[in-house]
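The values are calculated or read from the model by the stated rules, or taken from the named source; none is laboratory data. What you see is a predicted model; the values in this text were computed from it and never measured. Here the Cβ positions follow ideal geometry from the backbone for every residue, glycine too, while neighbour counts run over all protein chains shown. Heavy atoms of the whole protein, side chains included, go into the accessibility calculation; ligands, DNA and RNA do not. Shrake-Rupley method; radii C 1.70, N 1.55, O 1.52, S 1.80 Å.
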Amino acid sequence: MLSQVQELVVHRQPDLLDTFYEEVVAFQSDKNSDVRKWVVGFIEEACKKDGRMLPLLLPNVQLLLEDGTVSVVKRCVQATAPLHKCTLVWVTSAHTITSDMELAWIILTGIKSKVTAMIDHENDGVRTQVIKCMESMILVQSYSETTSVHRERENVPFCLDRVPLTLKLTRPRKLEDEAKQMVQKLVSFLGSIHISSVNLMTCMSSLVILARARPIFLPSVVQSLELLHANLPPTLSKSQVNSVRKHLKLQLINLLKHPSACDFHDNIITVLTDLGMSSSEINKAVPNREEIRRQAKKRERAKAAAVAKKEDGNEGSARKRARLSNSTLTSNKDIPEDHKNTIKSKNTSQDTPSTLASLTKIKTETIDSKKIEDEGGEDDEKEETAGTLLDMTTKWVLRRLTIDNVTELVMTSMLSLPPTMPGLFSAGYTPVSGAGTLQQKQQLSRLLASQLVAANVSPMGQLPPQTSVAPMAEGLTEEDIQRLGDSDDEGPFVSFLGSRPPNLSAPPPALPAPILAPIRHKIQAVKLSEVTPVLSEQQQRSLSICLVRNLLRSYHFNNLSQLDKKHRMHMIAKLLAFSSADEIRGVEDTMLQDPSKYCDLIELWIFCVHSATCDFSQLARITGRSHKKKVLTSKQEYDDMLVRVVRSIVPQCTEQTYRDLLSRLLLSCPAVPVTVVSALVECAVSDNNNSSALVCYSAPLLRDLALWRSNVATHTLALLCSLAMHSDDQVRKAILQEAEAILLIGGSQAESIMSAGRRQLLYLEQPEPPDAMFAEFLGRPTKLEEWDEATVKACLDLPLTILPLHEALVHDLALVYIKTVNEAKRGILRLLEGPVSLMGMDSPQLLALVRSTPKGSETLITRIIHILTEKAPPSEALVCQVRELYNRRVSDVRFLIPVLTGLSKKEIIAVLHKLIKLNPHVVKEVFNRLWGVALDSGTSPLSPVELLVALHLIEADKCDVKTVIKATGLCFQERSIYTAEVLAEVLQQLLDEPVIPTLFMRTVIMTLTHHPQLLSLIISVLLKLIEKKVWEQPKIWEGFVKCCERASPQCVAVLLQLPIQQLSDAFEASSMLKNTLATHIKSLTKHQKSSIGLDVLALVGALDETPDDQDRAAATTAPVREIPAPLQLA
């Protein structure tokens, strides 16, 4: 409803905006955050439509920036950039500055300051939106250049080029200074230590976009990217480091292709080489310098032409300005050109105090603008000095990279190396190429220099406070830095990196101890309490651990009774429960190396630890080790202990071990924390050699935990449903089997799985796979940008498993099919067969879906009906629904194919001409259904004879002859169906038709070709055709002659029955028939020839000039032609 109001008020009838904007903006206090977000969108659209609404609506945006909901704040930050642009356009396009404009600009300035301050917001998404907003504002508040590269959607972007220099509300120089400050904020934010990977990549992209659009920022952007490469944030994980490095390489390649980046090619190529890019790849990315010069000249010529055109357009106004009086020109030589016309108009009247005041104001503004330009020049000098500091430090380091210095530096640094290689180093390390070369030394010098500059301890000077990064090295005094900066010698500089200062004095020598005379004591009686010291708590713990080791060593002795073993097991478990993890590490490793051997002991140990942490044990009270005052810490100890047990057992588990040991421990332990379930899945997935098998083994355990452990049921079901999208088919199969078992049991767990399945199904509506499908434990560490067959199948497996048990999901499937991409549509059609077969054609939900058939889901519905009727005849209810759908809504005849066997004979014949026009494969399927080949049971309403006869009787205006010929050809290919008896019956029925079909003779010829044994039947058919005067239909007559050729020499009887004129036409069409008949007549006796007419004999050239023949020719009565006896036999 609100969207309709916005469409009406803003776009269709903008006149109503002044009347109803207050009622609409009143929704900013609504409780629903989506409504408040919509209000921000309405304000943005309204201000874009009418700039006069800015002073009225900007206070609302300023108020909503303080909203407590993060999504509303993000929407406000998104709207700030277009509102800033609209305000500047509105102000610059006005002839005079009004109070409303001043108010709007003041409010917008406050909004800008709030938004830029939000770059340190606690929410990651808000920071991302702030970065993009600052990028847009910088582009608007800066000048474009000839080499500026803009986005494709911005044909003519708005910037300071369109802001007049005499704008009273704000000066362009001031706006440009603000843009430079915002760029510096982005550079500082990029170098912060605790920046997230998403913000880091977003900030990199924004800075590169700014550098490409405004080449003036190229030096600072390139330097910041170099510093980032040398100082990646330590908070990034291994996968995030890889992503950041890949993104950094792409952005540097984009900068490398920029025309203005020629001076920075060496720096960029150095970093790209360090990122692992080969020389050939770099050469491909480096643009041709000649092409750069050519493009630059082309842009200059285009700009000069545009300026000349603009000057020609302003030629008239220039002539008017030339006619100004000399006195006016002299008095106003320091006044800007925009104010001269105003002064001229006022000079026509007498000079007034207001005129003098305006002149004074204009001159003051001119002086102020000159001051601003001078200050801007000083700022440029400062930036240039700051930009060259890195190069100066690089040269300073390069001069001191001697063999002795490097050796001492390496040896000194080895003292502070950690015992194990950090993950960040292993992820970002690339082998050094060309070690010892000048290029490698320069690269190493620049990396060291970037470290020194980043720590703000460069011996060549310091950066300004706003450009410095948080110090990364401590312990350096100003005297040391000054000494190193002033020295020009080539001596070692290792002390600069943390060696002991030279002014540290050595410790004083120790004095010898004085020699004292021995003291004699009296012999006293020995008392046990005096000679036996009281053991400290640490000593008691050490002795208890020794006792545990001894008891554990004798745990499996054969000479111990069951009772002794039981007592020893209880003693070991209780002593372990009251010891710390560090103290029992060796004992714990011994037990967990062979968990099957110590299974009972491990189980009892878990119970004892839980009893001690919950303060259930009497021994804890006796020993004074009660945990009442530190419940949280003790519970964490129990969780950590159980996680260690799981992490040790899982890698060495088999399927039997999972079922007998791990399931027993986790299902029988007093409490299962959430961390244990996560550790179980994490350990199974992290095993590179056997991860798929371990996850499959853990599937039944996860099912039992979800069913019997209510405190971790939600978390376990979430992991189970996430693993249903695993990249491995075996893992998905095992997980889906357990999910189906939970669905059959029902309850709240089944509802959770149904919700997860629906959520995964809705993922397919997105244009690219969601982030939820990409994680290390799912087998997809890298995010894909588009759907493929594997991701579609992984996303569909769980919903399609739920579908037979929760049939209402089929409606959601149809809606998703309409909105999803083509790859997902193909996947749905491929994977739909199993679930739909289980649902059956009597499913009420399927029938309801067929009845409704949402627009765009016709292909899906057709596929469902095909699956239902593939191995069984369609039910009456399904036939009725499809028939009604075809008659009322969908005229596509393909809908009828699955239910053809359920239609009547009349209905099939009525649509037969449409069916044979489809794809040949589809026509073949139609015929198979009508022949009963594709069905296990049921009869077809059309017999093969009736089908072939119906094909011949299709009218020419409904279907062309070629299509019918192809359809009949498919029939003749099925020789097992169209046998000689079937074809004979077909010919007989077609011959009985009042009008002979066009393709009748083709069918006769095909019958003779496939079944030569039907020659006698063909001869009789030809004789009947003579009775029907076949020569009156040219097409059929042509086929008649061809059939006679194929039936030679048995066709002689048919030829002798033709009238003399038609026989002559037949001979003209086929000389073969004439030769056949002449050969046959010559083989006859004289008596047999007497029964053949003389005209026939003359036609074939077999008439002899004998007296008897002459007499017969002279006779008035012609003999009746009869078939000779030999021909009758033939």
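Some points to look at:
- The one condition in (1) under 49 Å from the mean Cα position of the chain (by Cα); (2) surrounded by fewer than 17 Cβ atoms within 10 Å (Cβ to Cβ); (3) in contact (Cβ under 8 Å) with a residue 24 or more places away in the chain; (4) farther than 20 Å from Val672 by Cα that Ala581 fails to fulfil: (4)
- Comparison of Ser904, Ser937, Ser943 shows that the only residue that is modelled with pLDDT of 85 or more and open to solvent by 10 Å² or more (accessible area, probe 1.4 Å) is Ser943.
- Some residue of segment 107-115 being within 23 Å of Ser197 (Cα to Cα) and open to solvent by less than 30 Å² (accessible area, probe 1.4 Å): yes
- Listing of helices (runs of 4 or more DSSP H) fully contained in segment 792-856 that carry 1 or more residues being open to solvent by less than 10 Å² (accessible area, probe 1.4 Å), touching a residue at least 40 places away in the same chain (Cβ under 8 Å) and assigned by TED's automatic domain parsing to the domain that holds Leu723: 809-819, 822-831
- So Lys906, is it without any contact (Cβ under 8 Å) to a residue 12 or more places away in the chain, outside the structural domain of His806 (by TED's automatic domain parsing), under 30 Å from Val964 (Cβ atoms) and of a type in the set (D, E, K, R): yes
- Checking Cys76, Cys86 one by one, the residue that is open to solvent by less than 10 Å² (accessible area, probe 1.4 Å) and assigned to a helix (DSSP H, G or I) is Cys76 and no other.
- The helices (runs of 4 or more DSSP H) located wholly in segment 1028-1099 that include 1 or more residues which are open to solvent by less than 30 Å² (accessible area, probe 1.4 Å) and modelled with pLDDT of 75 or more occupy 1034-1046, 1052-1056, 1060-1069, 1071-1082.
- Inside segment 384-427, residues that are polar (S, T, N, Q) and either loosely packed, with under 11 Cβ neighbours inside 10 Å or modelled with pLDDT under 80 (or both) make up a count of 5.
- Considering segment 959-1007, the residues that are of a type in the set (Gly, Ala, Ser) and over 25 Å from Pro920 (Cβ atoms) include one that is surrounded by the fewest Cβ atoms within 10 Å (Cβ to Cβ), namely Ala980.
- Of the residues screened, Gln1013 is one that is touching a residue at least 12 places away in the same chain (Cβ under 8 Å) and open to solvent by 10 Å² or more (accessible area, probe 1.4 Å).
- Some residue of segment 164-172 being in a helix (DSSP H, G or I), of a type in the set (A, V, I, L, M) and more than 27 Å from the chain's Cα centre (by Cα): no
- Residue in segment 958-974 that is more than 52 Å from the chain's Cα centre (by Cα) and closer than 26 Å to Leu1023 by Cα present: no
- Residues in segment 172-196 that are open to solvent by less than 20 Å² (accessible area, probe 1.4 Å) and either small (Gly, Ala, Ser) or at positive phi (or both): Ala179 alone.
- No other residue among Thr109, Thr96 is under 17 Å from Met134 (Cα atoms) and of a type outside the set (Phe, Trp, Tyr) apart from Thr109.
- Criterion violated by Leu930 - all others in (1) of a type outside the set (Val, Ile, Thr); (2) modelled with pLDDT under 85; (3) surrounded by fewer than 16 Cβ atoms within 10 Å (Cβ to Cβ) satisfied: (3)
- Residue that is nearest to the chain's Cα centre (by Cα), among those in segment 821-852 that are within 16 Å of Leu805 (Cα to Cα) and among the acidic types (Asp, Glu): Glu833
Per-residue answers, yes or no, for (1) in a helix (DSSP H, G or I); (2) of a type in the set (A, V, I, L, M); (3) over 24 Å from Leu160 (Cβ atoms); (4) free of Cβ contacts under 8 Å to residues at least 24 places away in the same chain:
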position	(1), (2), (3), (4)
Glu44	yes, no, no, no
Cys47	yes, no, no, no
Arg52	yes, no, no, no
Pro55	yes, no, no, no
Gln62	yes, no, yes, no
Gly68	no, no, yes, yes
Ala81	yes, yes, no, no
Thr96	no, no, no, yes
Trp105	yes, no, no, no
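- Helices (runs of 4 or more DSSP H) contained in segment 912-979 and holding at least 1 residues free of Cβ contacts under 8 Å to residues at least 12 places away in the same chain: 920-931, 961-973
- Residue count for segment 226-258, restricted to those that are over 22 Å from Ser278 (Cβ atoms), outside any helix (DSSP H, G or I) and open to solvent by 40 Å² or more (accessible area, probe 1.4 Å): 3.
- Qualifying residues in segment 428-454 (those that are at pLDDT below 75 and of a type in the set (Gly, Ala, Ser)) - the one farthest from Ser279 (Cα to Cα): Ala454
- Considering segment 545-564, the residues that are modelled with pLDDT of 75 or more and out of contact with any Lys or Arg (no Cβ under 9 Å at 6 or more places or on another chain) include one that is surrounded by the most Cβ atoms within 10 Å (Cβ to Cβ), namely Val548.
- Test: residue in segment 989-996 that is in a loop (DSSP other than H, G, I, E, B), in contact (Cβ under 8 Å) with a residue 24 or more places away in the chain and under 24 Å from Glu1045 (Cα atoms): yes
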